[in-house]
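The next block holds one structure in the form of structure tokens; read it before the comments.
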Amino acid sequence: MTSRFRTQLEEALFPPIIALLIALVCGDLLIMSYGQSPATVYRLLLEGTWGNAYGFGQVLYKATTLAFTGLAVSLGIRAGLFNVGAEGQLAAGGFAAAFVGLHLTSAVPWLIAIPLCMMGAAVGGGIVGAVPGYLRVKFGAHEVIVTIMLNFIVLALLNWLIANHIHVEETLHTPEIGAGAIPRLDAFMPAFHGSAANLSMVVAAITALAGWYYLFRSRRGFELRAVGLQPDAAEYGGVSVRGVWFRALTLSGAIAGLGGINYVLGYKHYYEDGLAGGAGFLGIAVALVGRNHPLGVIIAALFFATLSQGGLAIHAFVPKQMVEVLQGVVILAVAMSVPEVRRVLRLGRKPVTA
Amino acid sequence: MTASAETNQSPAILMRGIDKSFGSVRANRAASLEVLRGEIHALVGENGAGKSTLMRILGGLQKPDAGTLEVNGKDVTGWTTSDAIAAGIGVVHQHFMLVPTLTVAENIVLGQEPKKGVRFDYAWAVAEVETLSKETGLVVRADQKVSELSVGEAQRVEILKTLFRGAKILVLDEPTAVLSPPEVRDLWVVLRRLRDAGGTIVLITHRLDEVIEISDVITVMRAGETVTRLETGKTTPAEIAKAMVGRDVALAARQAAGLTDAGDAGDAAQHMGAHTSADAASALSVTDLVVMGSRGTREVDGVTFSIRPGEILGLAGVEGNGQTELIEALAGLRAVESGSIRIGSRDVTYDNVGQRRDAGLSHIPEDRHRRGLILDYSVADNLVLGRQREFASRGMLDGARIAANAQTQIEAFDIRPPSSSLPARSLSGGNQQKVVVAREMGREFTVLLASQPTRGVDVGAIEFIHSRIREARAAGKAILLVSAELNEVLALADRIAVMYRGRFVTVMPAADASEDVLGEYMIGSKKDAA
């Protein structure tokens, strides 16, 4: 049992570490090409992120949203489905949370208001996820195409709602929610003053734990992974492959949607157009780097959040875009080492022997 | 231009000592093929006999590991596809390679489009195709869209395409698999006409009646080797069938072992005696079952049979005659078109896989790598695949019970190495199959579908699995055994049914059966009144 856990852990950690090393080497070259010392730049990057409370708080805040979208994408991949729609699902979830919150008054106790808003977020994202699930099951429509297209539809629809119906004059955001706000970290730890970090991260951690439990300990998780690995064998094992597809995409959408609470309930207390800001797409990278393992996803989310926040810290020395290039390098490096991706690219295939 | 004038020349195709391996799978071992100009040459053998690999080497898609290839007397070993096309070799694949949105004429000239200035001269293309169509008797409408064609018409377009490119040697891979009988007759007319005009044709097939009807010479392959080369006029279907499914040394040893097992034989006799007296209660009964294939053909075409408790019904037949579809329909993996399936007294025709399992059905699938195992799951998890509901309470898997089950099964079925946490992928083929057998036979069941239960496993595992199947019969289980190995069917079954083109052409007691008798039914040259 322990050795099994160890191999699982190795599988989860090995590719990201290699990817990190490759990224470091490429980063060195990039920094040197700007005539700067890599050591200085990396020190600054770390100081600006993990080195002080504010920077660390920002890393935690950014990692929280990425953890949700990463978990969402990884759940889909475990079922053999590629959910590219986390961006739209995240926005829909955020909007739904705000929508519920707007209809509550401050008289509603937080113990009721927060779960209600969270449920709204999950349902909002879940509906957006259920659409490609339904189309896949009913008509065989490929989920990649449908989820990409739905991103445009959902984001445009939300933009229209905000611009024309529910917004504060002169802005592109809703009024503040009446109840359901999640406390920020600086409420009990003053050192975090000014950072957006809030207790949504606890929800993210619980979601990751629940995701792990679901995938590796529940019957439905057993069936979901079976469908992802070998749909024919799953079907033989009495699993409804279509049922799993629908469930996985809906659940994936719900998790991505739940990510919306980080911004809406935890940070701004309103929905604002452009809330997702690419976190849904970056969730794909987070899932891949995290090897579709909940623990790996959390680590990968922290890593990408560090790069993103660190980009601001080193702005004076090298262009912020360098960090984006680094992100790209990490994604490529991981893509080469992750079995799921290799399978897609038909590399490193073991011949099946009798 | 006559065939006799050309026989003195070097053969159109001469392949000698061809070896080709993919990983540890040897697709061809010292295979040979000699095809003379102006003949229709049938290349026959069961699935996996190495026919397609040999043709891929001929077409330049694969390079042989060893051996030589000569075309029209020139050594061209290891050539490329473009060399092969230039030398006049045209391959018509089983799966058509046509652009559905283009017309017939456009598809045929694709890659060699006639030009008028810079413009594509469509009218000329149509005229060319119509001329070619008239010359060869391959009737097509040049301006029709390919997406509107029937499969027979699409195949004609494929053949025309290769002829347009100047093919003199035509390779057809299972050309009749998708055709209706009248379309097959039309194809024969065309092929004869092409041959009489000096063309050379290689036909890959495993339907022996077709071979007899159309070919001049036959090459039989088995397990990657060329077994024999026969002249069609001087052979019989039985001889070809024997060459195709013939026994090897290991098989003979296995059968001998089975027959010396006197205890089992006695058991079987005892059980057979029991049935005749209480014949009514069938464990599995199938009535007028019709199952459609993926291409919309009737792969199982009205099959009726029943199996009693303690009986093994062996199902023989050349692969591709509906056995796979029959088993899938019985297991709940393929929809039933009409007819009914009962397990005991329960009608399971429209039940799903799980409901049939609950009704007492176990199933050893023919392909353990695709269906039978999840290769990346541990042995323990694979041992509960399909039974995950049993091993869960309130939606959570019971790890302790799964581990205990694994321990019991690993010991009972001697799975090696005896570690439940290894992924199934890391086991040998024989032990992988033991995992499947353990899961399906190490539970409560009344009916077992055993499809190719010993395919690709070592002799030790074969013995083991056979004795388990005999034990299950002694314990009163009803077993449907499908095997490509005639000897396996002969050694284990109480009754033997032969499937040919979706129908049971005979059901006979195993005592009356022999390879020769079954062979005639398998190739369709004999059938009992249904």
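The values are calculated or read from the model by the stated rules, or taken from the named source; none is laboratory data. Just so it is clear, the structure is predicted and the values come from calculations on it, not from any experiment. Positions of Cβ are backbone-derived with ideal geometry, glycine not excepted, and every protein chain shown enters the neighbour counts.
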- Task: Please tell me if B:GLY519 is over 22 Å from B:SER282 (Cβ atoms), in contact (Cβ under 8 Å) with a residue 24 or more places away in the chain and not hydroxyl-bearing (Ser, Thr, Tyr).
- Result: yes
- The one condition in (1) within 26 Å of A:VAL144 (Cα to Cα); (2) within 13 Å of chain B (Cβ to nearest Cβ) that A:SER218 fails to fulfil: (1)
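I'd like the full set of residues that are in contact with a Lys or Arg (Cβ under 8 Å, 6 or more places away or on another chain) and away from every other protein chain (no Cβ under 11 Å), limited to the range B:398-419. Let's see the steps before the verdict.
As a first pass, look at the range B:398-419 and keep what is in contact with a Lys or Arg (Cβ under 8 Å, 6 or more places away or on another chain): B:399, B:409, B:413-415.
Within the range B:398-419, B:GLN409, B:PHE413, B:ASP414, B:ILE415 meet the criteria.
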- If you check B:GLY395 against the conditions, is it within 11 Å of chain A (Cβ to nearest Cβ), at pLDDT below 95, surrounded by 15 or more Cβ atoms within 10 Å (Cβ to Cβ) and more than 18 Å from B:SER362 (Cβ to Cβ)? no
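Suppose we filter B:LEU333, B:LEU326 for residues that are hydrophobic (A, V, I, L, M, F, W, C), closer than 20 Å to B:VAL291 by Cα and without any contact (Cβ under 8 Å) to a residue 60 or more places away in the chain; which single one remains? Spell out how you get there, then give the answer.
Values: B:LEU326 fails: without any contact (Cβ under 8 Å) to a residue 60 or more places away in the chain.
The conditions single out B:LEU333.
Go through the residues of the range B:176-196 one by one and say whether even a single one is part of a strand (DSSP E or B) and either in contact with an Asp or Glu (Cβ under 9 Å, 6 or more places away or on another chain) or not assigned by TED's automatic domain parsing to the domain that holds B:ASN28 (or both).
Going through the range B:176-196, the residues part of a strand (DSSP E or B) turn out to be none.
For the range B:176-196, residues part of a strand (DSSP E or B) and either in contact with an Asp or Glu (Cβ under 9 Å, 6 or more places away or on another chain) or not assigned by TED's automatic domain parsing to the domain that holds B:ASN28 (or both): absent.
Kindly indicate whether B:VAL91 is surrounded by 15 or more Cβ atoms within 10 Å (Cβ to Cβ), in the same structural domain as B:ALA31 (by TED's automatic domain parsing) and closer than 30 Å to B:SER294 by Cα.
Considered against the rule, which asks whether it is surrounded by 15 or more Cβ atoms within 10 Å (Cβ to Cβ), in the same structural domain as B:ALA31 (by TED's automatic domain parsing) and closer than 30 Å to B:SER294 by Cα, B:VAL91 comes out as yes.
Per-residue answers, yes or no, for (1) buried (at least 23 other Cβ atoms within 10 Å of the Cβ); (2) over 17 Å from the mean Cα position of the chain (by Cα):
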site	(1), (2)
A:LEU45	yes, yes
A:GLY55	no, yes
A:TYR61	yes, no
A:LEU71	yes, no
A:ALA107	no, yes
A:GLY124	yes, no
- Message: Please count how many residues of the range B:115-142 are loosely packed, with under 15 Cβ neighbours inside 10 Å, more than 35 Å from the chain's Cα centre (by Cα) and over 21 Å from B:ILE89 (Cβ atoms).
- Response: 10
- Task: Report whether or not B:LEU383 is aliphatic (A, V, I, L, M), in the same structural domain as B:THR324 (by TED's automatic domain parsing), surrounded by 20 or more Cβ atoms within 10 Å (Cβ to Cβ) and modelled with pLDDT of 95 or more.
- Result: no
- A:MET189 vs. criteria more than 23 Å from the chain's Cα centre (by Cα), more than 30 Å from B:GLY372 (Cβ to Cβ) and of a type in the set (A, V, I, L, M, F, W, C): yes
- What number goes with the only condition from (1) part of a strand (DSSP E or B); (2) closer than 18 Å to A:GLU223 by Cβ that B:ARG439 does not pass? (1)
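Working carefully through the options B:VAL76, B:VAL91, find the one that is touching a helix residue (DSSP H, G or I) at 6+ places or on another chain (Cβ under 8 Å) and free of Cβ contacts under 8 Å to residues at least 24 places away in the same chain.
Numbers: B:VAL91 fails: free of Cβ contacts under 8 Å to residues at least 24 places away in the same chain.
Criteria check complete, one pass: B:VAL76.
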- Members of the range B:101-137 found to be in a loop (DSSP other than H, G, I, E, B), touching a helix residue (DSSP H, G or I) at 6+ places or on another chain (Cβ under 6 Å) and either over 15 Å from B:GLU153 (Cβ atoms) or hydroxyl-bearing (Ser, Thr, Tyr) (or both), listed by number: B:PRO114
- Note on the structure: Contact list, first residue from the range B:132-157 and in the same structural domain as B:VAL184 (by TED's automatic domain parsing), second anywhere and loosely packed, with under 14 Cβ neighbours inside 10 Å, beta-carbon distance below 6 Å, six or more apart or interchain, is B:VAL146/B:PRO100; B:SER147/B:PRO100
- Looking only at the range A:152-178, which residues are surrounded by 18 or more Cβ atoms within 10 Å (Cβ to Cβ) and under 25 Å from the mean Cα position of the chain (by Cα)? A:VAL154, A:LEU155, A:LEU158, A:ILE162, A:HIS173, A:THR174, A:ILE177
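Return yes or no: is A:GLU169 within 14 Å of another protein chain (Cβ to nearest Cβ) and without any contact (Cβ under 8 Å) to a residue 40 or more places away in the chain? Working first, answer last.
Values: within 14 Å of another protein chain (Cβ to nearest Cβ): no; without any contact (Cβ under 8 Å) to a residue 40 or more places away in the chain: yes.
So A:GLU169 does not fit the description; no.
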- Item | Flag for B:ILE469 being more than 30 Å from B:ARG298 (Cα to Cα), in contact with a strand residue (DSSP E or B) (Cβ under 8 Å, 6 or more places away or on another chain) and not charged (D, E, K, R) | yes
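Need a quick list: strands (runs of 3 or more DSSP E) entirely within the range B:454-528 having at least 3 residues that are more than 14 Å from chain A (Cβ to nearest Cβ), at pLDDT 95 or above and more than 19 Å from B:VAL245 (Cβ to Cβ).
Working: elements: B:478-482, B:495-500, B:503-509.
Because the criterion is at least 3 residues that are more than 14 Å from chain A (Cβ to nearest Cβ), at pLDDT 95 or above and more than 19 Å from B:VAL245 (Cβ to Cβ), the strands (runs of 3 or more DSSP E) in the range B:454-528 that meet it are B:478-482.
For the range A:221-228, does any single residue satisfy the condition of being under 22 Å from the mean Cα position of the chain (by Cα), more than 14 Å from every other protein chain (Cβ to nearest Cβ), assigned to a helix (DSSP H, G or I) and in contact (Cβ under 8 Å) with a residue 60 or more places away in the chain? Give the steps one after another, and end with the answer.
Taking the range A:221-228 and keeping what is under 22 Å from the mean Cα position of the chain (by Cα), we get A:221, A:224-225, A:228.
Still in the running and more than 14 Å from every other protein chain (Cβ to nearest Cβ): none.
No, the conditions are met nowhere in the range A:221-228.
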- Could you look through the range B:420-444, keep only residues that are out of contact with any strand residue (DSSP E or B) (no Cβ under 7 Å at 6 or more places or on another chain) and surrounded by fewer than 16 Cβ atoms within 10 Å (Cβ to Cβ), and pick out the one that is farthest from the other protein chains (Cβ to nearest Cβ)? B:GLU444
- Looking at the range B:136-152, which of its residues are charged (D, E, K, R) and modelled with pLDDT of 85 or more? B:ARG141, B:ASP143, B:LYS145
- Message: Of everything in the range B:331-354, what is in a loop (DSSP other than H, G, I, E, B), within 14 Å of chain A (Cβ to nearest Cβ) and on the phi < 0 side of the Ramachandran plot? Give them in sequence order.
- Response: B:LEU333, B:ARG334, B:ALA335, B:VAL348, B:ASP351, B:ASN352
- Task: Kindly provide the set of residues from the range A:149-191 that are touching a His at 6+ places or on another chain (Cβ under 6 Å) and among the small types (Gly, Ala, Ser), ordered by number.
- Result: A:ALA181
- Message: Which of the helices (runs of 4 or more DSSP H) found entirely inside the range A:18-118 contain at least 2 residues meeting this: among the β-branched types (Val, Ile, Thr) and in contact with a Leu (Cβ under 9 Å, 6 or more places away or on another chain)?
- Response: A:53-78
- Which of the residues belonging to the range B:22-60 are part of a helix (DSSP H, G or I), of a type in the set (A, V, I, L, M) and under 21 Å from B:MET244 (Cα atoms)? B:LEU54, B:MET55
- Task: Sort through B:ARG371, B:ARG357 and tell me the only one that's under 20 Å from B:ALA461 (Cα atoms), part of a helix (DSSP H, G or I) and facing another protein chain (nearest Cβ under 9 Å).
- Result: B:ARG371
